[in-house]
Amino acid sequence: MPRLRSDLGIVLLSVVIAAVVVLAQIPGVAGTIGAATLPWAGFLLVPLVLLALLRRSWSSLAAPVALVLWAVALAPVLPAVLSSRPDADGTPVTFASQNVEARSGTSAESARTLAGLDSDVIALTEMDASARAEAAEALATSHPYAYTAGTVGLWSVYPLSNTEGLTLGLSWKRALRADVAAPGGRVRVYVVHAASVRPGQQAGRDAMLSNLADLIDADDSPRLVAMGDFNAATTDPALKGVRRNLSEPRSTGLSFGFTWPARFPLVRIDHIFERGLTVLETRVAKAGSSDHRAVLATFDD
């Protein structure tokens, strides 16, 4: 009987992991839940592998199958801890993004913190009127080039041009587009504050991300960055369109780079996607008292 229970335990844990992997591939609510849960399903692999090592039976075959399924599904977000950091040939340029949580009063503190982390281009999202004013004052000297639209804003040490506010299908602006005159040449930047996801309410987010993907598909800029609060984990099916032409630099640290909630992050819903740039480093940082952590990516320009 104990042997049978061990065999059943291995099979059960394997089925649970496989179910999460399958769930993460289904568009809609199921995919959103599955994608957010997928990294944590890895904790089931610890008892699964231990049981498989202790048992030498048909059930042990389920453990490596579950491990492979999980690793393949999660490959885009696995930390790049074994990758060597490339040497910078040009000027390192750091992009930073944070949701500063409307009415939290943290936009100025967040802005100063990100500037203090040598961020050259700073995107802030979920801003109300007071947050915009406070961030603008905090960054007026260090980041003199700025553009805001609706709930999002962009501040830069380099000149901005071709600025435009975007609705991405909503009735009000929650995104923007601008060109940054970086040292190595123009970088097209999209800043996004995707609609929130609530039980039974994610059509707005899905529509925004789909419209963003269409814009990126039609954008022939060789160097492009899309950053902000996407309200979706990297492997969420809703982000497949964005990831079609862009890549998210994997964490160069020993973590998945979760960003929300800030006190004990459980999921990464804030992202910096890119194409045409060489990644030097990525990280997550606590800035201000927002319920989101900031994401930063340094590129060799």
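The values are calculated or read from the model by the stated rules, or taken from the named source; none is laboratory data. All of these numbers come straight from a predicted model, not from anything done at the bench. Quick reminder, even Gly has a Cβ in these numbers, built from the backbone with ideal geometry, and neighbours come from all protein chains shown. Each accessible area value is taken on the protein alone, full model and side chains, heavy atoms only, with ligands, DNA and RNA left out. Shrake-Rupley method; radii C 1.70, N 1.55, O 1.52, S 1.80 Å.
Condition check ((1) at pLDDT below 95; (2) over 18 Å from residue 189 (Cβ atoms); (3) open to solvent by less than 10 Å² (accessible area, probe 1.4 Å); (4) charged (D, E, K, R)) across all residues:
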site: 73; (1), (2), (3), (4): yes, yes, no, no
site: 104; (1), (2), (3), (4): yes, yes, no, no
site: 112; (1), (2), (3), (4): no, yes, no, yes
site: 115; (1), (2), (3), (4): no, no, no, no
site: 140; (1), (2), (3), (4): no, yes, no, no
site: 144; (1), (2), (3), (4): no, no, no, no
site: 148; (1), (2), (3), (4): no, no, no, no
Looking at segment 109-136 only, could you name the residues that are in a helix (DSSP H, G or I) and in contact with a helix residue (DSSP H, G or I) (Cβ under 7 Å, 6 or more places away or on another chain)? 111, 112, 115, 131, 134, 135
What pairs can you find where one residue is in segment 143-154 and assigned to a strand (DSSP E or B), the other is surrounded by fewer than 20 Cβ atoms within 10 Å (Cβ to Cβ) and among the β-branched types (Val, Ile, Thr), and their Cβ atoms are less than 7 Å apart, with a gap of 6+ or different chains? 147/163
Only listed residue being surrounded by fewer than 19 Cβ atoms within 10 Å (Cβ to Cβ), basic (Lys, Arg) and out of contact with any Asp or Glu (no Cβ under 7 Å at 6 or more places or on another chain), chosen from 263, 268: 263
Condition first: of a type outside the set (D, E, K, R), surrounded by fewer than 19 Cβ atoms within 10 Å (Cβ to Cβ) and over 21 Å from residue 103 (Cβ atoms). Now tell me which residues in segment 172-195 satisfy that. 181, 183, 184, 185
Any hit, segment 214-228, residues being over 30 Å from residue 70 (Cβ atoms), under 22 Å from the mean Cα position of the chain (by Cα), assigned to a strand (DSSP E or B) and among the acidic types (Asp, Glu): no
Among (1) over 12 Å from the mean Cα position of the chain (by Cα); (2) open to solvent by less than 40 Å² (accessible area, probe 1.4 Å); (3) under 18 Å from residue 186 (Cα atoms); (4) free of Cβ contacts under 8 Å to residues at least 60 places away in the same chain, there is one condition residue 300 misses while meeting the rest; what is its number? (4)
